[in-house]
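Here, each number is a calculation from the coordinates, and none is a lab measurement. Fair warning: this is a prediction, and the values are worked out from it, not measured in the lab. Note: ideal-geometry Cβ built from the backbone for every residue, glycine included; neighbour counts use all protein chains shown.
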Amino acid sequence: MLKENIKQLRKSKGLSQEELAIKLNVVRQTISKWEQGLSVPDAEMLVSISEVFETPVSTLLGENISETKVDDLKAISEKLEIINLQLLQRKHERRKIVHWLVILLCVSTVMIFITLFLLNSPYLNWDYNNPENAVLGVAFHSIEWIFIRIAPIILIVSIVGIILTRKKN
């Protein structure tokens, strides 16, 4: 396995036997003998080879490089699948939160509208000769006036939001 791993790593780095020999301070024939399985590098040389190839010594001595790459790709694809599932779950959770917030906005708008309708603007009967009542009455009237004009828009937008964020089967 060592011979195949040295050869595959050398080729993957785009090195010739001569270039690898120069980096390791050996002759080209030594590299050729390693790759043919006629000899093996000593422990110090294995460390040097692993540094040149930027790979652990255990990889040089272990399984074939091509098998490791297949396993690495499989592990990466499994991790990506897990990440995609987590992102999908987070998207569904956000959609659900937005859906309920829009429902709450719709219900709140209807409840405020009903309350204002039932109260029938009680501030209109106040004594406006008192400056505090006058300011407060104008403030209530302004809020009511703005709400009555904006409420239909809020209601329409929230209904559209409910429809768009509903769970699709």
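Numbers at a glance
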| read-out | value |
| --- | --- |
| For the chain, radius of gyration divided by Kirkwood radius, i.e. Rg to Rh on alpha-carbons | 1.61 |
| Whole-angstrom Cα spans of the range 81-165 along principal axes, big to small | 72, 21, 16 |
| Computed magnitude of the charge dipole of the chain (debye, nearest 20; Cβ of K, R +1, Cβ of D, E -1) | 660 debye |
| Helix 131-165 axis, angle to the chain major axis (alpha carbon atoms, nearest 10°) | 40 degrees |
| Förster radius 22 Å - calculated FRET efficiency between V138 and V110 (Cβ-Cβ, nearest 0.05) | 0.25 |
| Acute angle (nearest 10 degrees) that the helix 2-12 long axis makes with the longest principal axis of the chain, alpha-carbon atoms | 60 degrees |
| Reachable lysines from K7, criterion Cα separation under 28 angstrom, eight or more residues apart if same chain | K23, K33, K69, K74 |
| Charge-dipole axis of the chain as Lys and Arg at +1 and Asp and Glu at -1 on Cβ define it, positive-most pick from F117, S58, Q89 | F117 |
| Table column - 3J(HN,Hα) (Hz), the range 15-28, Karplus curve with 6.51, -1.76, 1.60, x for Gly and Pro | 9, 7, 4, 5, 5, 5, 4, 5, 5, 9, 6, 10, 8, 4 |
| Principal axis box of the range 2-62, alpha-carbon based, largest edge first, Å | 24, 23, 19 |
| Fewest-first ranking of F117, F53, F140, F147, using other Cβ atoms within 10 Å as the exposure measure | F117, F147, F140, F53 |
| Lysines with Cα under 21 Å of K91, excluding same-chain neighbours fewer than 8 positions away | K79, K167, K168 |
